[in-house]
1. Counting alpha carbon pairs within less than 8 Å and at least 6 residues apart, what relative contact order, in whole percent, applies to the chain?
2. When you count, for each residue, the other Cβ atoms within 10 Å and take the mean per peptide, how do 66-73, 119-126 rank with the highest first?
3. Show the residues, 5+ positions off or on another chain, whose built amide H is closer than 5 Å to the amide H of His38.
4. When you have a sec, figure out the Kirkwood radius of the stretch 173-283 from all distinct Cα pair distances and drop it here in Å to one decimal?
5. Please determine, in degrees from 0 to 90 and to the nearest 10, the orientation of helix 257-268 with respect to the longest principal axis defined by the Cα atoms of the chain, where the helix direction is its Cα long axis.
6. Let me have the 222 nm mean residue ellipticity of the chain computed from DSSP H runs of 4+ only, each contributing -39500 (n - 2.57), with the sum over all residues rounded to the nearest 500.
7. Given Lys60/Lys266; Lys60/Lys223; Lys246/Lys278; Lys36/Lys215, which pairs have Cα atoms separated by over 23 Å?
8. Alpha carbons only, please: Rg and Dmax for the stretch 16-169, in angstrom.
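Taken together, the values in this text are just the output of simple stated rules run on the coordinates, not laboratory data. Since this is a predicted model, take the numbers as computed values, not measurements. Cβ atoms come from the backbone with ideal geometry, glycine included; neighbour counts cover every protein chain shown.
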Amino acid sequence: MTTPLYDHVSFEASGISLWSHLDSPLTEEMIQKLLKPHTSTNYFLMFVNHGLVHYCVDLKNITVSAGQVLFIKPGQIRIPPSSKNKAEYYKVIFNEEIYGLLPSPCRFWLDPLNEQKVAMSTQAWQRMNDALMLLRTAIQTAATLTIRMAYLNSVLQELEHAYFSNVEKEPKKRQVQSFLQFQTLIKNEFIAQPAISEIAKTLALSDTSLYQLVKEWAGVSPKEYLNRRVVLEAQRLLIYSNLSVKELAVRLGFADENYLSRFFRKQTGQSITDFLVKFNDMSS
């Protein structure tokens, strides 16, 4: 009951690809593969200039309108629309190696607002579009990697500023850095399912402060946030691996498959079998 895993490919030697709605470099075979649910090891950005685009990312439906940018991290399950309804857009894809060469990591990829997109002001959109066109020209003319990286970094910094500009103006959101640290810790340690008190200690916070922080940003308790991350990983592995439920339980640190099944049902309201049936129906 598994679905083949299709990765995006890198079309440039530098690991950076950019194209518009008018000139996709994908073959028809690859397009058909990518229209099915899949994951990728690459970072993905879609800049919508006109119209609407509907995506499904990690089983969440997202609508991206003109002046907004969709971003998808490596490992996220994505289902692009079969039709983009005459939308006008640019796509940028780059790999982990390229990301590691950037001067500094971009916090927006952690998506603390859980929106999966960035809304831009008119001025910021124009600056970013200018940088995109320079990046496009650099790719087309085989400019050096250093030049390509400079333009890519300009685009990402515009996104970084736009994502957090409104957040950091609000006094109640000043602890963004602490929440980002919490997200990173959960990302790296969720399989071990650390105690919430240990997480608070690692972040130099009291249990109460950690609870208030996560509740403010995510709308749930730290324990619920951790549980949701475990469930998401279980869903990804159910879809994109050949692991049995028993093997999945071991992989995720559960005592046995029955414990995992009970946990999954409690968190999602459906059994593992029902989840797979629903997903297969959605992707058929």
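1. On the way: 376 pairs, mean separation 46.4, N = 284.
Rounded, it is 16 percent for the chain.
2. Working: 66-73: 20.9, 119-126: 14.2.
Packing proxy ranking, top to bottom: 66-73, 119-126.
3. Result for His38 returns Arg78.
4. Values: mean 1/r = 0.0664 Å⁻¹.
Computed over Cα pairs of the stretch 173-283, the Kirkwood hydrodynamic radius comes out at 15.1 Å.
5. 60
6. Working: 11 runs with 136 residues, N = 284.
About -15000 deg cm²/dmol.
7. Values: Lys60/Lys266 19 Å; Lys60/Lys223 21 Å; Lys246/Lys278 21 Å; Lys36/Lys215 34 Å.
Listed pairs above 23 Å: Lys36/Lys215.
8. That works out to 14.8, 47 Å for Rg and Dmax.
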